[in-house]
Amino acid sequence: MEIINPHDKLFREAGGDKAFASDILKNYLPRDVLKLIDLNTLEISKDSFIEKELKDYYSDLLYKINLADKPGYVYILFEHKSYKDRLAPLQVLEYMTKIWRLHLKQHKKEPLPVIIPMFLYHGQSRWKDTKFSDLMNDSASLLSDYVPDFKYIMLDLTQYPDEEIKGAVLSRVVMLLFKHIFDPDIIEKLPGIFSLMQEIIEAENGMQYLEVILRYIFSTIDVSDEEIKNVVEKSVSREKGEFIMTAMERWQNEAIKNAEKTIQIEAIQMGLMIKFKDKCQKFMAIINKIEDIEKLKQIKQAVIKVNDEYEFLKLIEQ
């Protein structure tokens, strides 16, 4: 089953873990910033500031944290395209403004907090700029007093050797996957990544992250079950390999079931819109909760045969 925006799914799933977030900040913030941060005050915000039409290309995470003993934020924008968008820093500025607006709603009389912007990039061309004013034309240097400017912390993963991607095992696996996901030889990189995944299995919430990582791999890489099996055999112990393959098989079975459920529900909804029109939404609220595929098939047939809405309601509530 295809996952909509797998980059976003993995980024937000991992980034919503406090240990992962703390690990990323500890390993990728500059030292002069890190020494002013109290990681014990880290809070994860569920807010996203990206416009709906851009969610296929960007993901974001907002962390509330004390900076120099004052409330502040670290904002991470992740561009998950294979090419560079030179105007991404402009979006960072727009999203920082949204964060300040949100903060002011809750703290109207307080000064604006500092926001440390980070930009995570894994495109194929190198990203050299690190300042907002790099977007400006040459007159900016002559009129600097009137030009908004800030530095953003650039994490261009393609410029990090694998051995310099540091941190706990989950952080390293996620960052290595993001780094290599557009590589034509990604299959050759997987054994090293899978060898790290052995530790994830034993960690707290390990199965949850193992599943998310496997989903990401199958949703972004053209890889067969046999290729994955070969990778697993080369890189992990037999016991852990069986564990990974079992998890993969379970997820694939669930994916097939979910795909079948989606097909049945879409067919039912189409029929209900034609037959019962304004009652369709009421019926679908019940039908969407049904997991039994055979039951959904019966309902699909009933849409064709049953003309009385009360009789149909009785059927779906059984």
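Throughout, read-outs are computed from the coordinates displayed, never taken from laboratory work. Remember, it's a predicted structure, so these values are computed and weren't measured experimentally. Neighbour counts are summed over all protein chains in view; Cβ atoms, including those assigned to glycine, are modelled from backbone coordinates with ideal geometry.
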Problem set entry | P(r) weight above 19 Å for segment 1-151, C-alpha pairs, percent | 58 percent
Exercise. For the chain, what value does the Rg/Rh ratio take when both radii are computed over Cα atoms and Rh is the Kirkwood radius, given to two decimals?
Worked result: 1.06
Exercise. Where a Cα-Cα gap under 15 Å defines reach, which aspartates and glutamates qualify for LYS189, not counting those fewer than 8 residues away within the same chain?
Worked result: ASP162, GLU163, ASP222, GLU227, GLU233
For this session: Based on other C-beta atoms within 10 Å, arrange ILE304, ILE115 from fewest to most.
Result: ILE304, ILE115
Problem set entry | DSSP bridge orientation in the chain - percent antiparallel, rounded to nearest 5 | 55 percent
Seminar exercise, completed: Ordering 267-273, 60-66 by per-residue average of other C-beta atoms within 10 angstrom, highest first, gives 60-66, 267-273
For this session: Give me the lysines in straight-line cross-link reach of LYS131: C-alpha distance below 20 Å, same-chain residues under 8 apart excluded.
Result: LYS84, LYS98, LYS151
Exercise. For segment 141-299, what does the alpha-carbon gyration tensor say about shape, rounded, prolate or oblate, given a ≥ b ≥ c as the root eigenvalues, a/c under 1.5 as rounded, and a/b over b/c as prolate?
Worked result: oblate
For this session: Please state, to two decimals, what the Cα-based radius of gyration of segment 249-317 comes to when divided by 2.2 N^0.38 Å (N = residues).
Result: 1.14
